[in-house]
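Chemist: Questions regarding the structure given below will be posed in turn.
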Ligand SMILES: Cc1cc2nc3c(=O)[nH]c(=O)nc-3n(C[C@H](O)[C@H](O)[C@H](O)COP(=O)(O)OP(=O)(O)OC[C@H]3O[C@@H](n4cnc5c(N)ncnc54)[C@H](O)[C@@H]3O)c2cc1C
């Protein structure tokens with residue numbers, strides 16, 4: 001039976017009848033022999049794709065096959081930051097589409113995902129960096145995205161306790177996107193899972209895709225740890241495992257997998273209202289609604305599929321935090337963890353058909369795919385349903401690495417560990 005609709009009325013009703021009427025948020029589905037679409041991986045992107053396929057494109061005979069459990073991958077491991085403060089034309093409309101979907105998501109899927117537009121402030125520390133942030137802000141505004149360039153007084157008014165003057169990299173100002181912020185990551189997975197399930201999507205957990213059946217260049221289904229499942233179309237939404245899973249279909253992706261770590265402190269009284277990033281190193285921080293400081297930094301600089309990282313990056317992240325806000329030095333660390341990032345060679349994602357008929361790929365999200373979840377799901381659903389790219393995802397082609405049409409947002413070249 002489908003899950004309850006959430007509103008104040010069932011909350012009140014259940015209070016009077018001992019909380020006995022709640023149904024599971026989604027069914028524990030067992031695989032049917034065949035589906036119109038099978039999605040591999042029930043992270044944010046797979047679940048959002050299933051939801052939009054069923055909701056907007058009328059395809060309901062869908063399975064999402066997940067080797068672990070819903071929320072076990074990066075969707076439940078990220079630092080929850082959402083924003084659309086991009087520079088390049090291929091990126092800004094896509095991430096702004098995502099931001100607009102975040103803004104209406106909770107009503108759309110009837111789930112409290114704690115969407116919090118508390119603002120994101122990227123600090124700059126030199127005149128040259130100010131100029132590049134001004135350029136980015138102008139590009140955003142030309143695309144209708146909100147952006148404000150602050151000088152040091154503007155930043156002081158927001159965060160007077162930052163280390164402005166006696167730091168190795170004094171803070172000169174920042175680029176502010178007020179509509180950016182945070183969203184509770186695992187609630188996004190649970191909300192999309194529940195909404196997709198209500199539309200008839202089968203979410204099949206604890207089932208690993210181990211191979212693909214391809215007949216005369218066309219996909220006909222997936223081999224799984226629970227047996228063969230036939231499918232007219234298959235979409236890969238495996239994030240950090242993209243290259244491994246694509247290799248099962250004979251594809252060699254322009255992606256490397258790296259670990260990204262994150263950290264949370266003990267809960268303390270609120271003092272960081274929004275998201276703050278350090279422009280002279282790699283450090284970003286926000287404060288969760290429980291009071292924990294949630295922060296992270298750079299990738300571990302080696303290829304790995306382990307969901308944990310190493311101490312040199314821990315030290316580097318902590319150094320970044322101490323340079324920016326020495327007052328956090330006595331806060332105790334509660335937990336740290338890692339996730340596997342599917343780092344593409346230009347730092348931008350891939351949403352495209354593959355050379356195999358009926359096999360589609362959604363990958364290369366690097367460490368920024370959480371904010372993309374709604375637009376990625378929408379655009380991948382569009383591609384799978386119509387066999388043509390959604391207008392805001394046209395640039396995310398797989399062959400751009402062959403043709404040279406890179407979307408190199410950071411200007412780092414083809415070094416995935418730098419993006
Ligand atoms: C520490 C950290 C911090 C981050 N911070 C941010 C941030 O602040 N903002 C932001 O925008 N992004 C952030 N990201 C990146 C973001 O989390 C990812 O880009 C995004 O979640 C990836 O998409 P997904 O949710 O679909 O991935 P996942 O949740 O990883 O989903 C992929 C799923 O595929 C499954 N799978 C893999 N292989 C198979 C198989 N063979 N068969 C079946 N299932 C399989 C996996 O088990 C997994 O559940 C961060 C990531 C990490 C790790």
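Chemist: Give the Kirkwood hydrodynamic radius (Å, one decimal) of region 291-419, defined as one over the mean of 1/r across all pairs of different Cα atoms. Present the calculation step by step, with values, prior to reporting the outcome.
Modeler: Working: mean 1/r = 0.0591 Å⁻¹.
So the Kirkwood estimate lands at 16.9 Å.
Chemist: Tell me, 57, 192, 95, 396 in order of fewest to most beta-carbon neighbours within 10 Å?
Modeler: 57, 95, 396, 192
Chemist: Further question: At q = 0.25, 0.32 Å⁻¹, work out log10 I(q)/I(0) for region 171-212 with the Debye formula, treating every Cα as an identical point scatterer and leaving solvent out; two decimals please.
Modeler: -0.96, -1.06
Chemist: What number, in percent, do you get for the relative contact order of region 326-375 if the mean sequence gap of Cα pairs under 8 Å and at least 6 apart is divided by its residue count? Don't skip to the end; give the middle numbers.
Modeler: Values: 43 pairs, mean separation 16.1, N = 50.
32 percent.
Chemist: Would you compute, from DSSP H runs of 4+ residues alone, the mean residue ellipticity of the chain at 222 nm, taking -39500 (n - 2.57) per run and dividing by the full residue count, rounded to the nearest 500? Before the final figure, lay out the partial values.
Modeler: Numbers: 10 runs with 115 residues, N = 419.
Using -39500 (n - 2.57) per qualifying helix, the result is -8500 deg cm²/dmol.
Chemist: How tilted is helix 44-56 with respect to the longest principal axis of the chain? Cα atoms for both, answer in degrees (0 to 90, nearest 10).
Modeler: Approximately 60 degrees, to the nearest ten.
Chemist: Does anyone have the angle between helix 127-142 and the longest principal axis of the chain? Alpha-carbon axes, 0 to 90°, nearest 10?
Modeler: 40
Chemist: Averaging sequence separations of C-alpha pairs under 8 Å and six or more residues apart, then dividing by the length of region 345-412, give the relative contact order as a whole percent. If you can, show how the numbers build up before the last one.
Modeler: Working: 80 pairs, mean separation 28.0, N = 68.
Dividing the mean separation by the residue count of region 345-412 yields 41 percent.
Chemist: Treat each spin label as a single point 7 Å out from the Cα along the C-beta direction, and report the residue 410 to residue 248 distance in nm.
Modeler: Using points 7 Å along Cα→Cβ, the separation is 3.0 nm.
Chemist: In nm, what is the difference between 0.36 nm times the number of residues separating residue 108 and residue 319 and their Cα-Cα distance?
Modeler: Details: separation 211, 0.36 × 211 = 75.96 nm, distance 4.10 nm.
Extra length from residue 108 to residue 319 when fully extended: 71.9 nm.
Chemist: Report the Stokes-Einstein translational diffusion coefficient (µm² s⁻¹, integer) for the chain, Rh taken as the Kirkwood radius over Cα pairs, at 10 °C with viscosity 1.306 mPa s.
Modeler: Working: Rh = 22.1 Å.
For the chosen part, D equals 72 µm²/s.
Chemist: Compute the relative contact order of the chain as a whole-number percentage, counting only Cα pairs closer than 8 Å that sit 6 or more residues apart in sequence.
Modeler: 21
Chemist: Given axes a ≥ b ≥ c from the Cα gyration tensor, I'd like to know whether region 120-257 is rounded (a/c under 1.5), prolate (a/b larger than b/c) or oblate.
Modeler: prolate
Chemist: Roughly how many Å is it from the Cα centre of region 8-77 to that of region 213-283, as a whole number?
Modeler: For region 8-77 versus region 213-283, the Cα centre distance is 18 Å.
Chemist: Using the count of nearby Cβ atoms within 10 Å as a rough guide to exposure, how do 162, 378 rank from fewest to most? Walk me through the numbers before you get to the answer.
Modeler: Values: 162 20, 378 25.
In order of increasing Cβ crowding within 10 Å: 162, 378.
Chemist: Give me the extension gain from residue 132 to residue 216: residue separation times 0.36 nm, minus the current Cα-Cα distance, reported in nm with one decimal.
Modeler: Numbers: separation 84, 0.36 × 84 = 30.24 nm, distance 5.00 nm.
Full extension from residue 132 to residue 216 adds 25.2 nm.
Throughout, read-outs are computed from the coordinates displayed, never taken from laboratory work. Being a predicted model, the structure only gives us computed values, none of them experimental. Positions of Cβ are generated from backbone atoms using ideal geometry, with glycine treated the same way; all protein chains shown enter the neighbour counts.
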